[in-house]
Amino acid sequence: TQSTWGIIRKMSLSQLKSLVWRPIVPLIRVKGPIDNNMTYRVEQSLKKVPYHFASALAVVINSPGGSAVQCNIICKKLRNFSQDHKLPLYTFAEDVAASGGYFILCAGDKSYADRPTWVGSIGVVFMWAKARKLAERLGIKPCDINKSDANLISRFMYPLANPPDKREHAYLHKTMLDLQTKFIDHVESSRGAGIKVPVEERRDKLYQANVVSGERAAELGLIDEVGTYRSVLGKKFPNVRFVECTYESRLEKWRRVYGGAQTMLYEDMEPEARLTDLPQQFVQELSGAKERLS
């Protein structure tokens with residue numbers, strides 16, 4: 001009689017997957033402004049995905065946007081990972097998926113949002129703070145050396161620079177239009193067939209940086225359906241088990257494990273005991289948190 005181990009060794013990967021009692025869906029969260037740090041977090045999160053036993057990959061987005069370059073890099077990383085490991089990619093908007101957040105939402109094979117979620121803002125915005133008058137009061141005088149067009153954008157963002165003149169403003173506007181065109185091309189290539197607005201009306205109705213609710217986004221075809229990751233994937237994969245793969249630094253892990261425990265401990269104390277007993281309780285909880293992290 002063959003041993004159990006001998007039988008398992010002869011099974012294919014799909015047969016081994018069927019032995020798992022519950023389907024597994026790894027979960028990655030994209031939360032907050034999108035910059036190079038967010039790209040690093042997504043990259044590290046993908047390394048934690050147990051793709052051999054996963055049924056799909058879910059990405060939950062809660063972001064108002066950020067760097068156009070980093071949004072594009074994140075999309076490529078998610079799509080490449082999905083294709084390399086033959087995993088369907090589902091993206092979900094949580095509180096908000098606007099601008100760059102929506103850019104990433106479009107990376108999914110299927111995209112979803114809750115009814116009150118803010119979705120859209122298909123546009124480009126440049127914002128910077130000016131402190132020239134403050135600098136003048138302090139006796140600080142900025143000096144501009146490079147006047148070429150290639151250096152205009154960096155000068156705009158320099159807080160002590162002069163306001164842009166007509167030539168500089170025109171250059172900035174042209175750059176923004178170029179970035180918006182790339183944004184629109186990304187949306188069209190990702191969701192073009194699913195968008196329910198006629199092509200000739202899309203620029204006026206969809207591509208004016210408007211933000212709509214998740215319910216309205218589904219009506220326009222900016223997402224596939226209304227739903228959360230639990231409701232949608234719970235139907236697609238009955239008895240699904242979500243595996244949290246979002247990257248956490250050691251400091252974030254420490255705050256999650258220890259910070260909440262400290263808050264609950266302090267709130268449970270009697271008011272007169274909070275100051276006198278806190279140091280001793282602090283040491284005890286600190287030791288417990290170290291054990292949980294090790």
| query | residue 63 fails exactly one of the following numbered conditions: (1) of a type in the set (S, T, N, Q); (2) open to solvent by 40 Å² or more (accessible area, probe 1.4 Å); (3) closer than 25 Å to residue 227 by Cα. What is the number of that condition? | reply | (2)
| request: For region 156-179, enumerate the residues that are within 20 Å of residue 208 (Cβ to Cβ) and either at pLDDT below 60 or β-branched (Val, Ile, Thr) (or both). | output: 175
| task | Write out, first by first residue and then by second, each pair whose Cβ atoms fall under 9 Å of each other, whose residues are 6+ apart or on separate chains, and whose first residue, in region 189-201, is within 11 Å of residue 106 (Cβ to Cβ) while the second is open to solvent by 100 Å² or more (accessible area, probe 1.4 Å). | result | 192/199
| request: Could you grab me the full set of residues in region 106-137 that are at pLDDT 80 or above and either in a loop (DSSP other than H, G, I, E, B) or loosely packed, with under 14 Cβ neighbours inside 10 Å (or both)? | output: 106, 107, 108, 109, 114, 115, 116, 117, 121, 122
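Restricted to region 243-259, and to residues that are open to solvent by less than 50 Å² (accessible area, probe 1.4 Å) and under 21 Å from the mean Cα position of the chain (by Cα), which residue is farthest from residue 105 (Cα to Cα)?
Here the residue is 249.
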| query | Scanning region 204-218 for residues that are touching a Lys or Arg at 6+ places or on another chain (Cβ under 7 Å) and open to solvent by 30 Å² or more (accessible area, probe 1.4 Å), which turns out farthest from residue 182 (Cα to Cα)? | reply | 215
| query | Quick one: how many residues across region 219-241 are surrounded by 18 or more Cβ atoms within 10 Å (Cβ to Cβ) and among the aromatic types (Phe, Trp, Tyr)? | reply | 1
| remark: Among the residues of region 63-105, the number that are assigned to a strand (DSSP E or B), among the aromatic types (Phe, Trp, Tyr) and in contact with a Gly (Cβ under 7 Å, 6 or more places away or on another chain) is 1
| query | Any residue in region 27-41 that is assigned to a strand (DSSP E or B), in contact (Cβ under 8 Å) with a residue 12 or more places away in the chain and in contact with a Phe, Trp or Tyr (Cβ under 8 Å, 6 or more places away or on another chain)? | reply | yes
| field | Close pairs (8 angstrom Cβ cut-off, 6 or more residues apart or separate chains): within 17 Å of residue 28 (Cβ to Cβ) in region 222-250, open to solvent by 50 Å² or more (accessible area, probe 1.4 Å) and part of a loop (DSSP other than H, G, I, E, B) anywhere | value | 228/114; 240/22; 241/22; 245/48; 247/48
| field | Residue check, residue 100 open to solvent by less than 20 Å² (accessible area, probe 1.4 Å) and either at positive phi or among the acidic types (Asp, Glu) (or both) | value | no
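The values are calculated or read from the model by the stated rules, or taken from the named source; none is laboratory data. All of these numbers come straight from a predicted model, not from anything done at the bench. Backbone-built Cβ (ideal geometry, glycine too); neighbour counts: all protein chains shown. The area values use the complete protein model at the heavy-atom level, side chains included, leaving out ligands, DNA and RNA. Shrake-Rupley method; radii C 1.70, N 1.55, O 1.52, S 1.80 Å.
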